[in-house]
1. State whether one or more residues within the range 467-489 are away from the ligand (no atom under 16 Å from the Cβ), of a type outside the set (Lys, Arg) and part of a loop (DSSP other than H, G, I, E, B).
2. Please indicate, with yes or no, whether at least one residue in the range 561-571 is in contact (Cβ under 8 Å) with a residue 60 or more places away in the chain and on the phi > 0 side of the Ramachandran plot.
3. Within the range 542-552, can one find any residue that is without any contact (Cβ under 8 Å) to a residue 24 or more places away in the chain and closer than 27 Å to Leu494 by Cα?
4. For the range 694-724, how many residues are within 21 Å of the chain's Cα centre (by Cα) and within 23 Å of Asn373 (Cα to Cα)?
5. Restricting the search to the range 331-350, which residues are β-branched (Val, Ile, Thr) and in a loop (DSSP other than H, G, I, E, B)?
6. Can you confirm whether the range 116-127 contains a residue that is under 31 Å from the mean Cα position of the chain (by Cα) and in a helix (DSSP H, G or I)?
7. Anything in the range 351-367 that is assigned to a helix (DSSP H, G or I) and either without any contact (Cβ under 8 Å) to a residue 12 or more places away in the chain or away from the ligand (no atom under 16 Å from the Cβ) (or both)? List them, or say none.
8. Return yes or no: is Gly218 at pLDDT 95 or above, away from the ligand (no atom under 16 Å from the Cβ) and not hydrophobic (A, V, I, L, M, F, W, C)?
Amino acid sequence: MPQQTASPSPIGQKTPRVDGPLKVSGQAMYATDFHFPGLLYAVPVEATIASGKIDNLDTAAAEKMPGVHAIFHRGNIGKIFRSTLGAGFDGIVDERRPPFEDDVIRYYGQYIALAVADTFEQAKAAADVVRATYIKDKYNVDVDLKPDDEPDVVETSFQPTKRLESERGDPDSAFADAPVKVDQTYVTPTETHNPIELQATTAMWDGDTLTIYEESQGIFNLRGVLAQMFGLPKENVRVVTKFVGSGFGSKLWPWTHCPLAVAASRQLGKPVKLVLSRRMMFQSVGHRPRTQQRVRLGATTDGKLVSLHHDYVNHQGLLDGYLEDCGEATPFHYSVSNLRVHFGRARRNVGSPTAMRGPGAVPGLYATESAMNELADQLKIDPVKLRVLNEPKIDESLGIPFSSRHYVECLELGAEKFGWAKRTPEVGSMKREGLILGWGFAGATWVAARFSAEASVQLRDDGSARVASGTQDIGTGTYTILAQLVSERTGVPLDKVEVILGDTSLPEGPISGGSMVTASMVPAVFAAADNAVASLLTVATKTPGSPFEKRTSKDLSFGNGKVFVTADGPGKGVPFAEVLKRANIRLVPGHGKAEATFGIPKPKFSTHSFGCHFVEVTWQPEIARLRVNRVVTVIDAGRIINPLAGRNQIEGAIVMGIGMALLEETHYDPQNGAPMNSNLADYMMAVNADVPSAIDIHFLDYPDKEINELGARGIGEIGLAGIAAAITHATYHATGVRVRELPITIEKLI
Ligand code: MOS
């Protein structure tokens, strides 16, 4: 017998995207790529005031325009119900009000009408001639955020939340008595998600069943919300999302254009497609809200933290309960006996904010890590050493151990790779080739957990496998990860694994949010594969003439794609395709389900990922030119299933972080409340020219077995945590200017 050699495990291999060929050949079907006979196009009409009431809406001219089927408004759109929050990830919406529910305008760009026509151009032309007059009210887009008067427990998009987020010891006296103090306020501006793919809905009805094509990060939640809004049982709604051109959180929860397309399609009895403009993307599908965060640190003269206060405010709209949870990481990041984290919110006439990549922790860590750097500089202690001095043994907020925390090792490895020991701390003291260098540092952390997840796996008589789950690939690599997982568990080579995602007719998968899809899918896919194998073994024992006919499935094993008698070892294994063919069975299916760990009461372990960034900027004071020149990032995110896709996630986050630190800011026009830089020319993001070629990323790769069997956590968001603080720190080192209000515009440096 030839020696059996197990093929190498696909886990941990740099695996190119299995869906890459579809994307580069233009065959990947994004939400707006689906066309249907009789399809009509819808274009919303946007309010041009930020607060008030519609006085009169004149649609007469628009209705007579060529190709126009209808101009919808409050009077003729038909009933759209409110949805309400359910248990778990059900019924989540940031802007709860259904479109057209009343005549009140609460933010600029709120939809007031909808033009539907044969072509997009006709619909746009008609939308442009709808005339509204308003009774205007005072509006507020003020950027100075004082907390509104709210009760101690407030409604949020998810559940009622205590404004006193975390507290231990006596932070007030500890701060008062501390020999060394930092007391600073940090501001992050409104940032707008700018995925290249615009948000869009294509809706069609067949009797009382509804099908939606939408680029959603959470198709099951969208299905549930639409079922409520249109008074349907869930099973009458199907949502399809095959590919997503990025979301960054803006596509997590349903927005008002979606029920508008659904309602228009219902009224007209035809499929309706509605694609937002880039301007609408700034108005009505969420943004990261402005935050104002006061951080107070008290420390001993040798750098031990004795108190930490984190008091923050985020803006919210008038129609939502959005909380930007800036205190997410504060209670456990460092060891400190006296701590308080407390938030408030300030209502403004803006569209609802929503989660944006690393919601809460990203602006939060900008503030707390900046304060730690200021403390280090004040104490003349190395900022990396300050973190090591305050490394906690357990999660001090919950009083439980971390499942797997290697933060100090991140710092040590990063410092070594960056050459941090050569840093001279004095401002402007480092130079190279006529440029002033600034070296900065900050730590990172992001929650790790699992959502509940289901998957199905089939093993088929041609030796192929199919895995299906109603989760989404938002560009992060979920298709590829699922192929790797099935290949690992079944021995089917990657190119023979078919992956099907993005359809509510599939087993219920998790939202593509919180960097949790991979961690959530591992146990579900493995269970599904194991159940398919169990069916296969039963088939093997029941097939007349099979070499396993006289056996029971207990005698049998499965490995590397073959069935074998356990006692005989894998050498005499039979490929599963042969077992199935002999039985005249096309496929054996298996279903797998895994429970959530996210949000469970009384967890035994505190589960988070960790990391850090070391940044070099160059500064040319003569021409006021600041560039990020070099980044070293170390990430402790458990087992990395695909280091290629993983590196890509962290690189993307660092590029976004350069934008956050230097460029991104949505401005609301004080004259009318409109987001005024609402296009890709005026809203600055980091592009190739802003990004250094030297982005050096290292993964520690310690499996976290509390999360799942493989020990994989998530990597979608952590790369953006802390990076802005590292860049402002480097900027201070180069220029002597502490920028406590992002972005670091040139005016702030000269
Ligand atoms: Mo992310 S903000 O959880 O899409």
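1. Within the range 467-489, none of the residues are away from the ligand (no atom under 16 Å from the Cβ), of a type outside the set (Lys, Arg) and part of a loop (DSSP other than H, G, I, E, B).
2. yes
3. So the first thing to find is which residues in the range 542-552 are without any contact (Cβ under 8 Å) to a residue 24 or more places away in the chain, and the list is 544, 549-552.
Those left that are additionally closer than 27 Å to Leu494 by Cα: none.
No; the residues of the range 542-552 include none that is without any contact (Cβ under 8 Å) to a residue 24 or more places away in the chain and closer than 27 Å to Leu494 by Cα.
4. The number of residues fulfilling the criteria is 9.
5. Once the filter is applied, which keeps residues that are β-branched (Val, Ile, Thr) and in a loop (DSSP other than H, G, I, E, B), the range 331-350 yields Val336, Val350.
6. Our first condition is that a residue be under 31 Å from the mean Cα position of the chain (by Cα); within the range 116-127, this holds for 120.
Next cut, in a helix (DSSP H, G or I) only: 120.
Checked the range 116-127: at least one residue is under 31 Å from the mean Cα position of the chain (by Cα) and in a helix (DSSP H, G or I).
7. Ala367
8. no
The values are calculated or read from the model by the stated rules, or taken from the named source; none is laboratory data. Keep in mind it's a predicted model, so treat the numbers as computed, not measured. Every residue, glycine among them, receives a Cβ derived from its backbone with ideal geometry; neighbour counts consider all protein chains shown.
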